[in-house]
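Scroll down for the structure; my scribbles are underneath it.
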Amino acid sequence: MISRLFRTPGLPQTGKENAATMLLLAASQMTPDALAGSLDTSLEGLSAAAAQQRLQEQGSNEIAAEKPSPWYMQLLHCFLDPFNLLLLGLAVISGVTGDWQSVAVMLSMVAISVSIRFWQEYRSGMAAEKLKSLVQTTATVLRRNEDDIPASLEIPMQEVVAGDVVLLSAGDMMPADIRLIASRDLFVSQAMLTGESLPVEKSDQPGSDRQRALEQPNLCFMGTNVISGTARALVIATGNRTYFGSLAKSITGRQVQTSFDKGVKRISWVLLRFVFALAPLVMFINGFSKGNWVEAMMFAVSVAVGMTPQMLSMIVTANLAKGALRMGKHKVVVKRLSSIQNFGAMDVLCTDKTGTLTQDKIILHNHFNTQGDEDPDVLKYAYLNSAHQTGLKNLLDVAVLEEIHKSEQGRELFATLSAFRKIDELPFDFVRRRMSVIVEDGGGRHTLICKGAVEEMLAISTQASIDGKLVALDKPMRDQFRKLTRDHNEDGFRVLIVAYRELQSAQSTYTKDDECNLIVKGFLTFLDPPKESARYAIPALIHHGVDVKILTGDNAIVTRRICDEVGLTVEKVLLGRDIEQMSDVELQEAAHITQVFAKVSPLQKSRIIAALKARGHTVGFLGDGINDAPALREADVGMSVDTAVDIAKESADIILLEKSLMVLVDGIIEGRIIFANIIKYMKMALSSNFGNVLSVVGASLLLPFLPMLPLQLLLQNLLYDISQLAIPFDRVDGEMLKKPRQWSARDIVRFMLCVGPVSSLFDYLTFAVLWFYFAANTVETQSLFHTGWFMAGLLTQTLIVHMIRTRHVPFVQSRASWPLLITTACVIAVGLWLPFSPLAPSLKFVQPPAGFMVFLLLVVVGYWGLTSLLKRLYIARFGTWL
C-alpha cells in the first residue's frame, strides 16, 4: 500500500498534507525490513536498473513550485502588471467610444513594455538555468551493481527515488522524506518547516504513534538538513509526494521583499491612486468648461495614460536581467534577480576567513609532541582520527590525509595502520569543536582518539604524554601549552591538539560522555596562506564604501594575522563567549565597530548579521559551510560557492563559481549601475508626469479648447516612452558607484516637487507665446496650439532624459551611451517631422510658422540653462542629484 501511494505520479496535490502525514506516520511505526518490503526494495539499496525505472515512473525528485515557469506563464505574468492592466482598461474605454487610433497607440505601449520585459526575463532565466546546472546538489545513495554488491554512489538529488537507501553526514540536505534505519549522534535543523532555530536529535528508533510526523524521531523531511552526525535512511517519498511538497504552495516562492522591491511597489500604487483621482478631475473640468463630455472623457483617458509610468516594470526587469547576464559571464549564478540590486546597496560584507582571505588549501605544517619535537606517533593518531571519520571532512582532515601519503615517513607509517579497525565515532559539531573515533588494535584493545581546538581539548584532558611517561596536566603545563599555541597563532598557524584515551572495557557504541580524562599526545599546526587576490579586493571593497567584517570559528590571533597580511585593518575583535553575554542592543553597538568576530557559533553569526541590519546596514554574507546556513538566510545578500555544502548552496541568493572577493567587487558595481539606472527612470518619469499634471490642469481651466487632442497626447507619451527604452544600457557616472545607495521614497518625492515644475514653467511659456504671439487662441486656430505644445512638450521631455541622467553637464562632461543617444535623437527627429509629414492631417497637426521653430530652439536653450542652475542649487542644498 505504501509503495503504491508514494510512487503514484498522479497523487492529488490539493489537500495532500494530511495524506502525506498519514503515510509518513505509518512508515515510522514499521520495522525497517517491513518498510523495505512495502517499498519493493532492500536495506542494501536498489539496483541501478530498478532505480532508473522508478525515476521514469515517478518523475524527477523536484518540487513543482520550484521549477521555472513555462514561457507562456512568464508572458502572462508580464501582462499582469498594474500599469499594463490600466492601459488595457483605458483602451477598452477608447474602443467603446470608437477611437480606434487611441486604442492602437495604447496597445502599442502595452506590447512594447510586455515584449521587452518578457524577452529580458526569459533570456536571463535561460542563462541562469544553464549556470545553475553547474551547481548541483547531490545525495549519496547505496546502489547494487551487476554483481548485486551494494556501493555508495553520489548522484544529483533530482535522481533520488522512493526505495533508495541514502547515506547522510553533516552538511547534507535531506533529499526526500526518509525513515532512518541507522544513525549516530544525528542532529537535524527543521527550521525550514517548523521555524525552530535549534536542531533536533533524530534516531532510528520509532516514537509514539500519537506524535505528529515532524516529532517522530526516525523521520526526516525534504528541505531540512543535517547539523551533525551520520545516518543511513530509506527514502519513502520524493518530489511533490513529500511533506514539503504538500506545503509547496504556502512555503516555496515566498520571497522576502527588499526595501527596493517595497519602494517600487509603494511608488507604483501611489501613482495609480493619483491617476484615479486626477483623471476624473480633468474630465469634469473640461466637460463643464467645454461642454463636450465625450471629448473630455477621452482627454482624461489620455491624461491618465500620460501620468502612468507604464515602462517601470520593463525598465526594472531589463536592468536586473541585464545585470544577471553580465554577472553570468563572470560565472556568477544569480538565483534571485532582486539580490543584484542588494549588491549595490550593500555597505557591510561579512565573510569567513578560510577560502576567502586565504587560499582554501590548508597544509599540515608540523606534527610535534608535548616537548615540541616532531613525532610520527602524533601523525599516526591524527591520521587514524581523520581517516576513520564518516562525517564532514574539512580542509584540516584533508591536509592530514595528504601528509601521510606524500612524505616517506608518512608512507612507512601508513603501512602499519592496517592493523587498526574502526569501532565507532563521535562526529564533529560546532559546540564541542572536536571529533573522536574509537579504534581497535590487533590485540582487541579499544582506543579513543580525539582531535580538536586547543581550549576545548584542554578542558577534557587530565594528563600529557612526556618522554613516554604520563604526567598530570597541571596549571603550569596548561599555560605552557597555551603559550605554545599563541606563539604559533601569531606566526599565522592554526593549532589543534591530538589526545587519546585507552578504554578499559570494550563495547560497540560510545557517547560524548566518553570524551573525558584524555591524554595529550601532541599538536598539529596548519598553514592557510593568504590569497593574493584578497590583497587587491579588500582595498577595492573599502574604496566602494563596503566595510569588511570577518566571522570565523577560528581563534582571534590567527585571524588578525591573516587580516594584517591582506590589508584589512583590525581595531576591535569580539569573541563568541563575549557575544553570548550580550543583549541584542549591546551587540548592535559592538558589531558596528568590530572588524573580527572570532570563535563564533553558527547562531552567533546569524545574530551578528541581524544586529548589523538593525543598525540600518545592508548586509551581505559569504559562506560555504554548514555553520554558515543561518547567516546566509539572515543576510540581505547570501552568497556561497559551487563547492559549498548542500545547505549553504540552497540558502544562498548568489552562487559563485569562483570563490573570490574580486567577483564581489564586480557584483557591487553591477548592482549600483542597476540601481542608478532605475532611479534615473523613476525621477525622469515622476518629475515629467508631475509637470504635465500642473500644465494639463491649468490649461484645462484657462483654455476654451482642449490643450491637446487625446490622440496627440497618447502619441507624445508613446514617443517619450520609446526614448527611454535604452536607459538600462546607459552609462553611470563614476562617483555614483563609489558609495552604497539606499532606496528613499522621500528623496524621489522631493526631486519630483523640485524638478517637475520646471517643465511646467516652459509649458506655460509656450501657452503664452502660442496664444498671444501666434494668435492660436480660438477654436479655429487650436490645431496650431496643439501642434506647438506637442513639439515643445516632446522636446523638453526628451531633453530631460539627458539633464537628469547625470549631475554633470550633459553631452560635455558626461555623455549618455550610444543606444540612449540614438533613441532620444530618433524620437526628437520624429517629433519635429510629424507636423510636416503626410501623417499630419490624420493627426490634426498643422505646419508651424518658421518663427515658432526659432522659439523652440530658445525653449531648449532656456530649459537647459534653468535645469542646470536648478541642478547646482539642488546639489548644494541636498548633496546629491540622483
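Hey, could you grab the Kirkwood Rh for the range 777-882? Inverse mean 1/r over distinct alpha carbon pairs, Å, one decimal.
Result for the range 777-882, one decimal place: 15.4 Å.
Report the label-to-label distance for residue 360 and residue 26 in nanometres (one decimal), using points 7 Å from each Cα along the Cα→Cβ vector.
4.6 nm
With Cβ to Cβ distances under 14 Å as the rule, what net charge do the other residues near residue 514 carry (K, R +1; D, E -1)?
Combined, the nearby Lys, Arg, Asp and Glu give -1.
From the residues 775, 435, 749, which one has its Cα farthest along the dipole of the chain in the positive direction, the dipole being from +1 and -1 charges on Cβ of Lys/Arg and Asp/Glu about the Cα centre?
775
Using a 1.4 Å probe on the protein chains only, how many percent of the accessible area of the range 508-630 belongs to carbon and sulfur?
With neighbouring chains kept in place, the figure for the range 508-630 is 50 percent.
In what sequence, highest mean first, do 457-467, 775-785, 354-364, 867-877 appear when ranked by Cβ atoms within 10 angstrom?
Packing order, densest peptide first, comes out as 354-364, 457-467, 775-785, 867-877.
Mind ranking 510-522, 817-829 by how tightly packed they are, going by the mean number of other C-beta atoms within 10 angstrom, highest first?
Highest mean packing first, the order is 510-522, 817-829.
Step through the residues of the range 294-304 one at a time and calculate ³J(HN,Hα) from phi using the Karplus curve (6.51 cos²θ - 1.76 cosθ + 1.60, θ = phi - 60°), rounding each to whole Hz and writing x for Gly and Pro.
My calculation for the range 294-304 gives 5, 5, 5, 5, 5, 5, 4, 4, 5, 5, 4 Hz in order.
Would you please state the base-10 log of I(q)/I(0) at q = 0.09, 0.16 1/Å for the range 284-410, with intensities from the Debye formula using one equal scatterer on every alpha carbon?
The computed values of log10 I(q)/I(0) come out as -0.61, -0.92.
Go through 299-306, 383-390 and give me the packing order, highest mean Cβ count within 10 Å leading.
Packing order, densest peptide first, comes out as 299-306, 383-390.
Using modelled amide H (1.01 Å from N, peptide plane; none on Pro or chain starts), what sits under 5 Å from the amide H of residue 190, excluding residues fewer than 5 places away?
200
Can you report the principal axis dimensions of the range 636-779 using only the alpha carbons, biggest first, rounded to whole angstrom?
Answer, in whole Å and largest first: 76, 28, 23 Å.
If I take all pairs of Cα atoms in the range 487-530, what percentage of them are more than 13 Å from each other?
I get 67 percent for the Cα pairs in the range 487-530 exceeding 13 Å.
How much area per residue is accessible in the range 340-488 when the probe is 1.4 Å and only protein heavy atoms are counted (Å²)?
Result: 41 Å² per residue.
Please list, by residue number, everything in the range 152-193 whose backbone N is under 20 Å from a paramagnetic label point 7 Å out along Cα→Cβ of residue 201.
Output list for this probe position: 168-171, 179-191.
Past the 35 angstrom mark, what percentage of all C-alpha to C-alpha distances in the chain do you count?
When every Cα pair of the chain is considered, 60 percent fall beyond 35 Å.
Taking a threshold of 21 Å on the Cα-Cα distance, which of the pairs 335/649; 353/605; 262/549; 613/680; 353/549; 262/613 fall above it?
Violating the 21 Å limit, Cα to Cα: 262/549; 613/680.
What full-extension length gain, to one decimal in nm, is calculated for residue 40 and residue 778 as 0.36 nm per residue of separation minus the Cα-Cα distance?
Going from the current span to full extension adds 256.7 nm.
Taking +1 at the Cβ of each Lys and Arg and -1 at the Cβ of each Asp and Glu, which of 685, 798, 879 sits farthest along the dipole of the chain towards its positive end, judged by Cα position relative to the Cα centre?
So the residue we want is 798.
Dipole size in debye (nearest 20) for the chain around its Cα centre, Lys and Arg Cβ +1, Asp and Glu Cβ -1?
Using Cβ point charges on Lys, Arg, Asp and Glu, the chain gives about 3080 debye.
Please work out whether the range 695-770 counts as rounded, prolate or oblate from its C-alpha gyration tensor, where a ≥ b ≥ c are the square roots of the eigenvalues and a/c under 1.5 means rounded, while otherwise a/b larger than b/c means prolate and anything else oblate?
Because a/c hits 1.5 or more and a/b exceeds b/c, the range 695-770 counts as prolate.
Would you tally the net charge around residue 544, using a Cβ to Cβ cut-off of less than 10 Å, leaving residue 544 out, and scoring K and R as +1, D and E as -1?
So the surrounding residues net to +2.
Before anything else, pin down the relative contact order of the range 24-128: Cα pairs under 8 Å, at least 6 apart, normalised by residue count, whole percent.
21 percent
What residues have an amide H closer than 5 Å to that of residue 181, excluding those fewer than 5 places away on the same chain, when H is modeled at 1.01 Å from N in the peptide plane?
232, 233, 234
Mind putting together the pair-distance distribution for the range 29-95? All Cα pairs, 5 Å bins, whole percent per bin, short to long.
3, 12, 11, 11, 10, 9, 7, 6, 7, 7, 5, 5, 4, 2, 0
How many nm separate the modelled label positions at residue 123 and residue 735, each set 7 Å beyond the Cα in the direction of the Cβ?
3.3 nm
For the range 676-752, what does the accessible surface come to per residue with a 1.4 Å probe? Please give it in Å².
On a per-residue basis, the range 676-752 sits at 29 Å².
Based on DSSP, what percent of beta bridges with both residues in the chain are antiparallel, to the nearest 5?
Bridges in the chain that DSSP calls antiparallel: roughly 75 percent.
Once the Cα gyration tensor of the range 278-352 is diagonalised, what are the square roots of 5 times its eigenvalues, in whole Å and ordered largest first, as equivalent ellipsoid semi-axes?
48, 13, 6
Extension gain residue 746-residue 507, at 0.36 nm per residue separation less the Cα-Cα distance, in nm?
79.0 nm
Can you list residues from other chains, or at least 5 along the same chain, whose modelled amide H is less than 5 Å from the amide H of residue 473?
HN-HN under 5 Å from residue 473: 463, 464.
Over all distinct alpha-carbon pairs, what is the Kirkwood Rh of the range 476-581 in angstrom?
17.0 Å
Once phi is turned into θ = phi - 60°, what whole-Hz ³J(HN,Hα) does the Karplus curve with 6.51, -1.76 and 1.60 give for every residue of the range 91-99, x standing for Gly and Pro?
Using θ = phi - 60°, the values come out as 5, 4, 4, 5, x, 4, 7, x, 8 Hz.
Over the range 382-520, consider all pairs of different Cα atoms and compute the Kirkwood hydrodynamic radius from their mean reciprocal separation; express it in Å, one decimal.
About 15.9 Å for the range 382-520.
Given 0.36 nm per residue, what is the gain on full extension from residue 872 to residue 96 after removing their alpha carbon distance, in nm?
274.5 nm
Calculate one ³J(HN,Hα) per residue across the range 345-361 by plugging θ = phi - 60° into the Karplus curve 6.51 cos²θ - 1.76 cosθ + 1.60, and present them in order as whole Hz with x for glycine and proline.
7, 5, 10, 9, 10, 9, 8, 6, 8, 5, x, 9, 8, 10, 7, 6, 9
The values are calculated or read from the model by the stated rules, or taken from the named source; none is laboratory data. Keep in mind that this is a model prediction, so the values were computed, not measured. Quick reminder, even Gly has a Cβ in these numbers, built from the backbone with ideal geometry, and neighbours come from all protein chains shown. Calculation scope for accessible area: heavy atoms of the full protein, side chains included, ligands and nucleic acids excluded. Shrake-Rupley method; radii C 1.70, N 1.55, O 1.52, S 1.80 Å.
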